[in-house]
Amino acid sequence: MSDNSLSPEPLALADRRVAVIGLARSGMASASFLLTRGAQVVGADAKTAEERAAERHQLLELGGEVVESFAERAQSGHYN
């Protein structure tokens, strides 16, 4: 009989580089989760640094990075 456990193996995230796209509530929760598991998190958002100042500050405080140019490119229509 195989083991059909509902408890998956812990994610091996230590030192993995992970991008979180969108720094609203769920994006910040994901970033926080990933950082506590040892991942290197880079966050990006379509809103400017001024519009997401609190989230940007929080991510930097947690040890993550923020890609600033993503917002400028998104607002200029670069990704449309």
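The values are calculated or read from the model by the stated rules, or taken from the named source; none is laboratory data. This one's a predicted model, so the numbers in the text were calculated from it and none came from an experiment. For neighbour counting, all protein chains shown are included, and Cβ atoms are generated from backbone atoms with ideal geometry for every residue, glycine included. Just so you know, the surface numbers come from the protein's heavy atoms only, side chains and all, with ligands and any DNA or RNA stripped out. Shrake-Rupley method; radii C 1.70, N 1.55, O 1.52, S 1.80 Å.
Descriptive notes on the structure:
- If the condition is being without any contact (Cβ under 8 Å) to a residue 24 or more places away in the chain and either touching a Ser or Thr at 6+ places or on another chain (Cβ under 7 Å) or of a type in the set (A, V, I, L, M) (or both), then the range 8-45 contributes Ala12, Ala29, Leu34.
- Residue that is modelled with the highest pLDDT [pool: residues in the range 1-18 that are among the hydrophobic types (A, V, I, L, M, F, W, C) and under 9 Å from Gly38 (Cα atoms)]: Ala14
- Residue count, the range 10-38 (criterion: of a type outside the set (A, V, I, L, M, F, W, C) and in a loop (DSSP other than H, G, I, E, B)): 6
- Residues of the range 24-37 that are open to solvent by 30 Å² or more (accessible area, probe 1.4 Å) and either under 15 Å from Glu65 (Cα atoms) or among the small types (Gly, Ala, Ser) (or both): Ala24, Ser26, Ala29, Ser30, Ser32, Phe33, Leu35, Thr36.
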